[in-house]
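Encoded as structure tokens, the structure appears first; notes follow it.
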Amino acid sequence: MNKEPYVKQTIENQVGYIEFFHPSHNSLPSNLLSELARTITNAGEDDSIKVIVLKSGGDRTFCAGASFEELVAINDEDTGKEFFSGFANVINAMRKCPKFIVGRVQGKTVGGGVGLASATDYCMATKFAAIKLSELNVGIGPFVVGPAVQRKIGLSAMSQIAIDANSFYSAEWAKDKGLFTQVFDTTDELDEAVATFAENLCNYNPKAMSEMKTMFWRGTEDWDQLLIQRAKISGRLVLSDFTKETLKRFK
């Protein structure tokens, strides 16, 4: 089995499947985030792709969020801002992509991973796909992914999981709040449903889908600036004595 981190794209029946993988529970270091943002942008410009599916490798965790090793190593504000901009760049690439992005969430997702799921246009999951916003736990907060999560599930639900940073919330809870559209018992059922759904979308007018996407994301035009500002906040907080001490304990 491949243990090396990767971002790869395959095309089947006009559906572009973008898959990321990292042996550490699909956590995403900066280089993988950059590659993911670039791959999404390129898929958006590729005429042979009508619809995009975002997925991760392995059968357990969808995404454990940011790379903990990189987080611990941050020693100045610029590095901090750069680090937290990684998820901002992926979310903005998803937002600006002219094609619908279907999320396929096979397992637990934490922190930045919840942001990725929230930035998809339509997201399906298994019953194992519990979600958690754990950022407050390590002395920061879900500043960068917050706008995407709030847009998808509302301020009340987002603030609930952001404040209760220790708890996983079930896939059914996430479905009730609008993050997931359907929840399946097995990954096989999820994969079958995702492929059928995405391939069916390919029959629709690409221009109509692009216009619909613009309509759905209306009001987020300032996110290029907003998410970078949020990255700066996290970059400052991660340097605080409180957060440094907390990170040492987690380490």
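Assuming R0 = 25 Å, can you tell me the calculated FRET efficiency for the pair ARG38 and ARG60, based on Cβ-Cβ distance, to the nearest 0.05?
On the way: r = 26 Å, r/R0 = 1.05.
The computed FRET efficiency comes out at 0.45.
So which aspartates and glutamates pass the test for LYS3, namely a Cα distance under 18 Å, with those fewer than 8 places away in the same chain ruled out?
GLU19, GLU35, ASP59, GLU69
At 7 Å along Cα-to-Cβ for each site, give me the label-to-label distance between TYR6 and GLU45 in nm.
For TYR6 paired with GLU45, the spin-label model returns 2.4 nm.
Label points 7 Å out from Cα along the Cβ direction at GLU189 and GLN160: separation in nm?
The two pseudo-label positions are separated by 2.4 nm.
Need the full-extension length gain, ASN200 to GLU82, defined as separation in residues times 0.36 nm minus the C-alpha distance. One decimal, nm.
Working: separation 118, 0.36 × 118 = 42.48 nm, distance 3.85 nm.
Stretched fully, the ASN200-GLU82 segment lengthens by 38.6 nm.
Greater than 19 Å separation of Cα atoms is the criterion. Which listed pairs, LYS132/LYS177; LYS50/LYS127; LYS8/LYS108, meet it? Don't jump to the answer; show the numbers that get you there.
Working: LYS132/LYS177 14 Å; LYS50/LYS127 28 Å; LYS8/LYS108 21 Å.
Violating the 19 Å Cα-Cα cut-off are LYS50/LYS127; LYS8/LYS108.
Counting Lys and Arg as +1 and Asp and Glu as -1, each charge on the Cβ, what is the dipole of the chain about the Cα centre in debye, to the nearest 20?
On the way: 28 positive and 31 negative charges, 99 e Å.
Computed charge dipole of the chain: roughly 480 debye.
Using Cα atoms only, what is the angle between the long axis of helix 30-45 and the major principal axis of the chain, expressed in degrees (0 to 90) to the nearest 10?
Relative to the chain, helix 30-45 is tipped by roughly 30 degrees.
Just to be sure I understand the model, the point goes 7 Å from the Cα along the line to the Cβ. What's the resulting LYS248 to ASN31 distance in nm?
My value for the distance between the label points is 3.0 nm.
Multiplying the sequence separation of ASP241 and GLU211 by 0.36 nm and subtracting their Cα-Cα distance, what value in nm do you get?
Numbers: separation 30, 0.36 × 30 = 10.80 nm, distance 4.70 nm.
The span from ASP241 to GLU211 would gain 6.1 nm if fully extended.
Name the residue from LEU33, ALA66, GLY107 whose Cα lies farthest towards the positive end of the charge dipole of segment 32-119, charges +1 on Cβ of Lys and Arg and -1 on Cβ of Asp and Glu.
Farthest towards the positive end: GLY107.
Set the Förster radius R0 to 22 Å, insert the Cβ-Cβ distance between PHE168 and GLU69 as r into 1/(1 + (r/R0)^6), and round the FRET efficiency to 0.05. Don't jump to the answer; show the numbers that get you there.
Numbers: r = 23 Å, r/R0 = 1.03.
Efficiency, from the Cβ-Cβ distance: 0.45.
Under the rule of -39500 (n - 2.57) per DSSP H run of 4 or more residues, summed and divided by the residues of the chain, what mean residue ellipticity at 222 nm is obtained, to the nearest 500 deg cm²/dmol? Could you put the intermediate results ahead of the total?
Values: 11 runs with 124 residues, N = 251.
So the helix-based figure for the chain works out to -15000 deg cm²/dmol.
Nearest 10 degrees, 0 to 90: what angle lies between the long axis of helix 241-250 and the longest principal axis of the chain (Cα atoms)?
70 degrees
Rule-based calculations on the coordinates, nothing more; no lab input. As the structure is a computational prediction, the values presented were derived from the model and not from experiment. Using ideal geometry, Cβ is built from the backbone for each residue, glycine included, and neighbour counts are taken over all protein chains shown.
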